[in-house]
Each structure stands twice: as structure tokens, then as C-alpha cells.
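This report refers to the structure that appears directly beneath it.
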Amino acid sequence: MISNRRYWFLLALTALVYVAGMFVTLFENDSAQFATMALRMVRENDFLSLFKGPQEYLDKPHMHYWLAALSLKVFGAFDWAYRIPAMLITFLGAYSCYGLGKTLYNTDTGKLSALIFLTSQTIVLSVIDVRTDAVLTGLTIFSLWQLSIYIQKRTLQSILLGAIGAGLAFSTKGQIALVVIALPILCHIAYARMWKRFLSWKVLLAFAVFALTVAPMLYAYYHQFDLHPEKIIRGRSNRSGILFIFWEQSFERMTGTGMGKNSSDYFFFFHTFLWVFLPWTIIGIMAIGSRIKAFFKMRLAYRPKYELLTLGGALLIFVLISFAQFKLPHYLNITIPLFSVLSASYLHSLYKYQKAKTIKFVLGVQYFVLGVVFIATVLICFLVFKFEHLIASLALGASFIMIIYFCLKREAYYLRIITIAALSSLLLNVVLNMHFYPSLLKYQAGSEMAKTVDEEQIPVDRIYKLSEKHSWAMDFYNQEPVKISSLQDIKAKKNVWVYATTEELKQLSEEGMDWDRQFSKDHFRITRLQATFLNPATRNKVVEKMHLIHIY
């Protein structure tokens, strides 16, 4: 379907795009927050307790923070070091997509599944703006791959590896990991009528291995919370970490009682899917429609060339998370491996059965997507943030030349579809990683102010702030959290620095306080972009200022 030479060429370019994003400044809030939490583990040599600033953190288990802390301990407190575990596990996820596609279909489908997964927009972004979902996604698809091998071949190794993957995934984000693994597997064995596969002593051994895998995380929860019922966590005492992770966590997220509510829109993930699966979105939608149509025609009768693991699992997860009262776009990441395999199998079927009319339509769609990406990159580079660096300009120019070459090259339509789609992703993300994000992050005051702190050799242990407003990027790059203090306490101090908003500066002035040095940085919540900010003519209307002042 696609030559090894072309395939490895596209994968190599994809890997370069990922590497380019490794050195981008950490985003606030989540990436910088999680990196700071992991760094606290290293600095205080306490790997059993999770803290979000001064508050004890119950919401998520420890695995992501342990992996990040290990990397930071080995390589140092660098943004790229924080991203290493997420990137490696994402590559494991890609290899698992290959393995699952190969197990369910054939080698060509497996290869294409991995490429689709790695070039999906939300997966590329997940290794730049690293949250727990990058680790969760890679581990869940690894577990699914191994369990699917067990269902097919009954090998002890595969079910034990599947149990380890499930345990590590559960230790990353809790119950949702088991749901993401269980629903596709149940769909698979129900459709193939293979229930007897799990009537085996191997399954009991796998449960034991799962229990051993999650034991370190459970002990950490027990040590931090269960042993200390006097602690007040989210307004309550007697909080059990073990009970929380096994029972309370998912219900809090579904009802919004723990995290709060941010969306009751049941179609939130439907329109979110349109961009998170780019540039494969239309192919994914066509794959879903085609497979549903086929199952209706067969009335779900079992056919060896079909499988329900990907379609059934993805749609059930999709529907389930749509009912959650707290929603974020990256919650869809866990479905991307399944959609990748499903889309790859659909493309392979178009190639295998030579459906010329559909192939031409899909190619037209991919040219349209490429056109949209081309327009977006031009706007980003010449309007939103104008080019300043020669390397980024050269990378964009090389990308344009390469894409034009493959657009003009005469070759089979299905090969063009794959190549054009992958290159669309690479074009967009090389611009984002090498130009857009570095320019955007100049408006993240915390990381920019940390540079000033370093350049001016300001003592990081003498910096205070007047509110609990997060300063994660500054905390991480200073390798020291900004201390919270009251206005009255600041008045009693001498030779200190205060990190403050413009409004807080007015309060300090009204209290009769004076300062001899001041540094100011532009600030905007960069993970919540809006048209007013992206337009240079109106950007100043929404950009705020953060200040660092020296009180003598």
C-alpha cells in the first residue's frame, strides 16, 4: 500500500517535528503545574506525596509525576526533560497502534495506524503541552494491543503485558483507564463470541500482576491520605486516597462535584473531534459511517474480516465522556488510537477493493485540508506573528517545496492521500513548534519573568506574591515556588521582590509602599486563544501586565 521508503521518510519527518517541540517553553496552566509538582518531588526527595502548590493533591494518581520526576532527576530541571517520558510513551502508543492494526487486520493497516496516530493534531499537541493524557493514551493502547493478542492466541506473555499496561494506566489517571481498556475488549469478545478466552487460570494470574503493578500508587495514596484522616482535603476530613481512586474519582468528574462544571454540552466532543483528529477527520468520519453501515447490513453477525473493538470501543467511550459535566478537548486523546486503527482499515479497504470514486473524493478532501492548513500557516507566519528567525523561515520554505513536489508527482491516488494528509500535519506543526509557540509564549509572563530573574540574578527565595494566583511557569523555571504573602506581611519585610498584577501594584502604592526597581511583562492566558488576541491590531485590548518589583 505504501513503500517502506516513503513510510519511513514520513515517520522520520514526524519524529523531527516532535523533537522540535521538545524545547518549547512549558505552557500554563497544566504542563507547567505538573512539571512543578514533579520537580517538588525531586527537590524534597518525597516521591509519596503529591502537592499542587501548598495544597495536597488528590485528583490524579502518581505515575505521570513519578516518570517526570525521574526524568528531571536524571537530566535536570529542563522543559525538554519533563517531556521525555510523554514522548517515549507516545511512541510506544504508536508502535502499539501498529501492533493492534496488524493483529486485527494486516501489516499495512498496522503501519498506517501508527502514522495516523502520530500525525493526529491532538497527539502532536499532547507531547508539547504535556498532561497526564499523553501517558494514559500510550499505556491504554499498549494494554489493548496485548490483550487482543491474548484473545487471538491465548499467550501468557500477552495477557501479563496487558495487565501491566492496564496497571500503569490506572496508576496514571484512575478508573477511566480501565474503562478505556474494558469497553473495546468487551465489544471485541462479544462480537467474536470468544467469552471462553477469559475462563482461564491465566486471567487470574493477570489480575495478580495488575494488583502488583498498582500497589506502589495505592501505597502512596494510603501514606498521604488514609494514614492522616485529620487532613482537610477539598473541605472534608477522613479522605481515603484508596477509596477515592477506586470509587469517588470518576463520579466526581462525571457529576462535576470535584472539579466543578465547565460544560453541559453533550455535543462538545463531536465538534471537538473535527480538529483533534486533523488531518484525518473526514476519513475517520467516513470510516465510522462505512463500518456502521456494514454492521447494520450483517445485523452484527460475526464475520472474520470485521472487528468491533475499534468502532464499538471508540463510540462507547465517546458517548460516556460526553455525559461528563467537566470536559476538556484532550479527554478525546484516549480514543485516537482506536480511531487511527479504524481509519487505517478503511483506507486499506479502499485500496484493496479499488473503490476509485471514493478514493478520488477522499483525495479531494485531503487537498482541501492541505489548502486550509496552507492558508493557516501563511496567516500565522505573516499576520499573527511575523517571522523573525531565519531557521523557522527556512523550515517553512523547505516544507512548501516538499509539499508542492508530492502534489505534482504522478502516483497512485491512495498513496497521495496518505502522503498529503501526513504532510498537512507536518506543515502545520513545524510552523506551530518552531514559530507560533515560541512567539506566543512571549506573552506568558511567568516564564518570561523567570528569564529576567536569571539575568538580573534576583534571589528566587526572596520573591513573593499577594494572592494564590498560580505562577507555575515562574515556579518551574526559577526552581523555587513564589511564596504567598499578605499585604501586611510584605509591609514588614525589607529587600524583597513582589510578583504582582497591575491592580496589586496599585494596592501597594495606596498603602504607601515604594520600590526602586520594576520589571514588567505582557501576559495572556495562552491556552485560551481568541480572535482578539490573534489579531495584532486588537491584541493590546486583552493583554495584561505582570510586574516584578523590588521593595527596599
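Structure summary
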item: Rounded to the nearest 10 Å², the accessible area of Glu503 at probe 1.4 Å; result: 110
item: Residues with amide H under 5 Å from that of Val482, placed H, sequence gap 5 or more; result: Asp475
item: J(HN,Hα) series, segment 360-377, from Karplus relation 6.51 cos²θ - 1.76 cosθ + 1.60, nearest Hz, glycine and proline x; result: 5, 4, 4, 4, x, 4, 5, 5, 5, 4, 4, x, 5, 5, 4, 4, 4, 5
item: Value of relative contact order over segment 17-131, rounded to a whole percent, pairs C-alpha under 8 Å and six or more apart; result: 30
item: Cα centroid of segment 277-293 to Cα centroid of segment 306-362, whole Å; result: 6
item: Within the chain: Cβ-based charge dipole about Cα centre, in debye rounded to nearest 20 (Lys, Arg +1; Asp, Glu -1); result: 2860
item: Semi-axis lengths (Å, descending) of the ellipsoid that matches the C-alpha gyration tensor of segment 133-187; result: 18, 11, 8
item: Largest-first principal axis extents, alpha carbons of segment 108-238, Å; result: 55, 41, 23
item: Fraction of accessible area attributable to carbon and sulfur, segment 55-179 (%, probe 1.4 Å); result: 67
item: Using a Förster distance of 35 Å, the FRET efficiency for Ala531-Phe75 (Cβ separation, nearest 0.05); result: 0.35
item: With every protein chain in place, segment 489-535: carbon and sulfur % of accessible area (1.4 Å); result: 40
item: Kirkwood hydrodynamic radius (C-alpha pairs) into Stokes-Einstein, segment 297-408, 25 °C and 0.890 mPa s, D in µm²/s; result: 135
item: Selection from Leu26, Leu168, Pro536, by position along the positive dipole direction of the chain (Cβ); result: Leu168
item: Relative contact order %, the chain, counting alpha carbon pairs below 8 Å whose residues are six or more apart; result: 16
item: Residue (of Ser509, Tyr346, Ala114) at the positive-pole extreme of the chain, dipole from beta-carbon charges; result: Tyr346
item: Magnitude of the charge dipole, segment 5-104, Cβ model with Lys/Arg +1 and Asp/Glu -1, debye to 20; result: 540
item: Histogram of C-alpha separations across segment 107-151, 10 Å bin width, %; result: 24, 48, 25, 3
item: Sorted peptide list for 470-478, 534-542, criterion being average Cβ within 10 angstrom, highest first; result: 470-478, 534-542
item: For segment 468-519, the Rg and Dmax computed from alpha carbons only, in angstrom; result: 11.7, 32
item: Listed residue pairs exceeding 25 Å between alpha carbons, taken from Lys111/Lys355; Lys173/Lys196; Lys73/Lys465; Lys442/Lys541; Lys327/Lys360; result: Lys173/Lys196; Lys73/Lys465; Lys327/Lys360
item: Whole-Hz couplings from phi, Karplus 6.51/-1.76/1.60, listed for segment 474-491; x for Gly and Pro; result: 5, 4, 5, 6, 7, 6, 7, x, 5, 7, 8, 9, 8, 4, 5, 5, 4, 4
item: Zero-based 10 Å bins, Cα pair distances in segment 359-408, whole percents; result: 22, 47, 24, 7, 0
item: Loop trypsin sites (Lys or Arg not before Pro), segment 182-224 (other Cβ atoms within 10 Å of the site Cβ: 13 or fewer; DSSP); result: Arg193
item: Projected-area average for the chain over all orientations - Cα convex hull basis, square nanometres; result: 27.4
item: Karplus 3J(HN,Hα) series, Hz, for segment 347-354 with 6.51 cos²θ - 1.76 cosθ + 1.60 (x for Gly, Pro); result: 4, 5, 5, 4, 5, 5, 9, 6
item: Cα-centred dipole magnitude for segment 330-467, charges only on beta-carbon of K, R (+1) and D, E (-1), debye, nearest 20; result: 940
item: Relative compactness, segment 1-146, computed as alpha-carbon Rg over 2.2 N^0.38 Å; result: 1.14
item: Globularity ratio of segment 193-332, using Cα Rg and 2.2 N^0.38 Å; result: 1.42
item: Per residue, in Å², the accessible surface of the chain once ligands and nucleic acids are set aside, probe 1.4 Å; result: 44
item: Label point distance in nm, Tyr57-Thr358, each placed 7 Å from Cα along Cα→Cβ; result: 4.6
item: Rounded Å value of the spacing that divides the Cα centres of segment 188-220 and segment 418-471; result: 42
item: Sequence of Trp66, Trp247 from largest to smallest accessible area, 1.4 Å probe; result: Trp247, Trp66
item: Rg/Rh (Cα only; Kirkwood hydrodynamic radius) as it applies to segment 419-552; result: 1.08
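The values are calculated or read from the model by the stated rules, or taken from the named source; none is laboratory data. In this text the structure is predicted, and so the values were computed from the model without any measurement. A quick note on method: Cβ atoms are made from the backbone with ideal geometry, for glycine too, and the neighbour counts reach across all protein chains shown. Areas reflect the complete protein model, heavy atoms only, side chains present, ligands, DNA and RNA absent. Shrake-Rupley method; radii C 1.70, N 1.55, O 1.52, S 1.80 Å.
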